[in-house]
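Remarks on the structure that follows.
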Amino acid sequence: LSDRACVSKYHFAKLFKEETGVSPHRYLINVRIDHAKEMLCFTESSILDVARSCGFDDRSTFSAAFKRETGISPTSFREEATA
């Protein structure tokens, strides 16, 4: 992204955070977790398939990131969302 904006990656990160309030990395994690929430609510895809679809390499990395961001596991989120 910084190359496309023709600025250094450090300057890009600074500008991005000024505009959005979060770092580019945090923004990407938020987008991935939001997409995962939608998939968990509206599909019957396995947790592994959701993880891979959202850019995570494996279920455990995804589950840890999901829990860190939401406070609950993907399985618990799905159970609560479909109850």
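Side notes on the structure shown:
- 3J(HN,Hα) from dihedral phi, the range 66-80, Karplus parametrisation 6.51/-1.76/1.60, rounded to Hz, x for glycine, proline: 4, 5, 4, 7, 10, x, 9, 6, x, 5, 5, 4, 4, 4, 5
- Taking 19, 38, 69 in turn, the Gaussian network model of the chain (Cα-Cα springs below 10 Å) assigns the largest fluctuation to 19.
- Looking at the chain, the pairs of alpha carbons with a distance over 14 Å make up 65% of the total.
- Top of 14, 37, 67 by mean-square fluctuation, Gaussian network on the chain, Cα under 10 Å: 14
- Rolling a 1.4 Å probe over the protein heavy atoms leaves residue 29 with an accessible area of roughly 20 Å².
- Solvent-accessible surface of protein heavy atoms, probed at 1.4 angstrom with all chains present, puts 35, 25 in the order 25, 35, largest first.
- For residue 37, the aspartates and glutamates whose Cα falls under 20 Å of its own Cα, not counting residues fewer than eight places away in the same chain, are 49, 57, 58, 69, 79, 80.
- Using only side-chain charges placed at the Cβ, +1 for Lys and Arg and -1 for Asp and Glu, the dipole size of the chain relative to its Cα centre rounds to 340 debye.
- Relative contact order (percent, whole number), the chain, Cα cutoff 8 Å, 6+ residue spacing: 18 percent
- Net charge, residue 59 excluded, C-beta distance under 10 Å - Lys, Arg +1, Asp, Glu -1: -2
- Listed residues 6, 41 arranged by accessible area, highest first, probe 1.4 Å: 6, 41
The values are calculated or read from the model by the stated rules, or taken from the named source; none is laboratory data. None of the values given here were measured: they were computed from a predicted structure. Every residue, glycine among them, receives a Cβ derived from its backbone with ideal geometry; neighbour counts consider all protein chains shown. For accessibility, only protein heavy atoms count, side chains too; no ligands or nucleic acids. Shrake-Rupley method; radii C 1.70, N 1.55, O 1.52, S 1.80 Å.
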